[in-house]
Structure formats: structure tokens, C-alpha cells
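For reference, the structure is listed below as C-alpha cells.
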Amino acid sequence: MRPRALSVFLHFARARMSWWQGILTVFFGNLITLGPMVLNGHPGTKYGVPFPVLARASFGIRGANLPSLSRALVACGWFGIQTWIGGSSIFQMLMAVTGGAVAGPVVGWLGISLPELACFMAFWAAQVWIVVRGMESIRLLERYSAPLLIGLSLALMGWAVTSAGGMGPMLSTPSQFGLGMPKEGQFWSVFWPAVTANVGYWATLSLNIPDFTRYAESQKAQGGWNTAALWALFVGILPTMPGFLSTLGVVSGLPPIWGQIYDVAWFVGVAVSSALYCLLMRGAPGAYKRGEEGAGGAGGVAATA
């Protein structure tokens, strides 16, 4: 259900790892990000402050702008890319439903057709509508979409397993890095870049996890630990299974859909995300829960930052 997750795991499959080597890589990458995610999430709940405010403890009031802007630039890029992927998904569904009737000529300077652009803007508008309505709308979206996404992920895995002829062929596929195999002795040269790719998948969230944990009522509400981060250790494993079926030719034939539009998506993401950031950063009393009493007035300062 997350295209970037599938792209990471498909890389493992195309590298010809065995199923257990791929899961080990995912587990190890998530384990690395678990530590900072738990540690950074704890003060978010304790003081009720987001990452930009928490960063002031290390970088100072002015210096905290540097990590905040660095994180924001990465977020702008991902927002643009994933909005493009979401819009492309809507367009492909419309193409399937209408039998290709919504197809149109490609606009030269855009690199896509006007119907594709309309789907992109529709998906962008849906995200903006949710964000503008505040964190509660995001909470409701996650609450009701999580079971649906889990069901769809299981359905995707079921389809892939059925198409591959069962779990047996996948589980019996040997690693290409074993003795006498074509890539013998090359495992570690592939393993560490793969771990790095998986760490990068969660690294941004481990940095700004206080933006989410600050809404928790207490540490006890998280079971004394950041259970969301603990669950994140295992979340990445499920999409691995459809990804590894690509070794059987089930999924690997799907081309990446962001191809030539990558630069355009990045630019649009920076533009619209910057505008949205300015809109949401309007000062408002009590913008951060427990800000004044839990962080010595940090909430009031943060609201005007």
C-alpha cells in the first residue's frame, strides 16, 4: 500500500536475496531506527512539544531552524513524489473503469496529459483538506484506514501468492549469494546498502516523531514506551512478502511510475508544501498541548515561530 516501501523491497528481490535474508534486512533496518524513534518520542509526550521546539534544546532558538528546514525540504520532496503516485493511481483506476476513455494527449511542457494533471491536483486537494482540518482529522483517517490498508495488503499478498503458484516456489528460491551461486561472496556489498535504504525509509519519522507523540495523553497511554515505534519494528515486514514474489516474475514487470515526472513532482511538492506550511504556521493561543505548563512557555513561543 506504500509505493516507496514496495520499491525498496523490490530492490531486495531483484538483488536475488532469499526470503529470510530480505526479512532480516528489513528487521535490522527498523531496529536501527527504533532507538531514536523511542528516545525522541518520549519528550514529545512529556512536554507536549513538536520537533522544531524540541530541537531548540540542542541547537538553540535560532539554530533549531537548520534541522527544521532540513526536515521540511525532505518532506516537500516526498510530498510531491507521493502526491504524484497517488494521482497516478487515481488516473489508472479511471482508465480501467472507463476503458481508456479518459486518456488524453501529453502536454509537452508538463510531460503528462491534462486528465493526469487533474488527478494529481485532486489527490493534492484531498490531502490539503485533511491537513487543514487539523490533527484530529488525520487521527480519524488513520483510525478508519488502517484496517482497510491491512486488508488490502493481505489481499495483495494473496493475489501474488496465487499468481506465483503458492508459497512453496518463493520459500524454496535459493539466495544468489550462497556457495556456488552467481553472486557468491557479494552478500555484504548488497546487504549494507539495502539496510541503509530501509533506514532512510523511517529515518525522517524517527527525527520528527514528537510531532505525533505530543498528542498522547501520557507515557502510560503508550504502555510506558513508545509502542507506536515498537510496532514500527515489524510494520515493514508485511509488504516484503509481495515484493519478494517479484523474484518469480509476478510483480517485477511493473515499471516505476514516477520516471520522467520526478523533477516536476519535486518542484510542485516544494511549492505547494511551502504554501501550506505558511498557512498552518499562523500563531494561535494554545496551539500546542501543555506547551506553557509543561515546557516553560515553549508552546506560546512555538505558536508564533
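Summary of values
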item: Sorted by Cβ neighbour density within 10 Å, fewest at the top, the residues Ile90, Ile209; result: Ile90, Ile209
item: Approximate spin-label separation Val97-Glu217, in nm, with each point projected 7 Å along Cα-to-Cβ; result: 4.0
item: Sorted by Cβ neighbour density within 10 Å, fewest at the top, the residues Tyr144, Tyr215, Tyr47, Tyr201; result: Tyr144, Tyr215, Tyr201, Tyr47
item: Neighbour-count order for Leu156, Leu179, Leu149, fewest beta carbons within 10 angstrom listed first; result: Leu179, Leu149, Leu156
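No lab work stands behind these numbers, since they all come straight from the coordinates. In this text the structure is predicted, and so the values were computed from the model without any measurement. Counting neighbours? That spans all protein chains shown, and the Cβs are built from the backbone with ideal geometry, glycine included.
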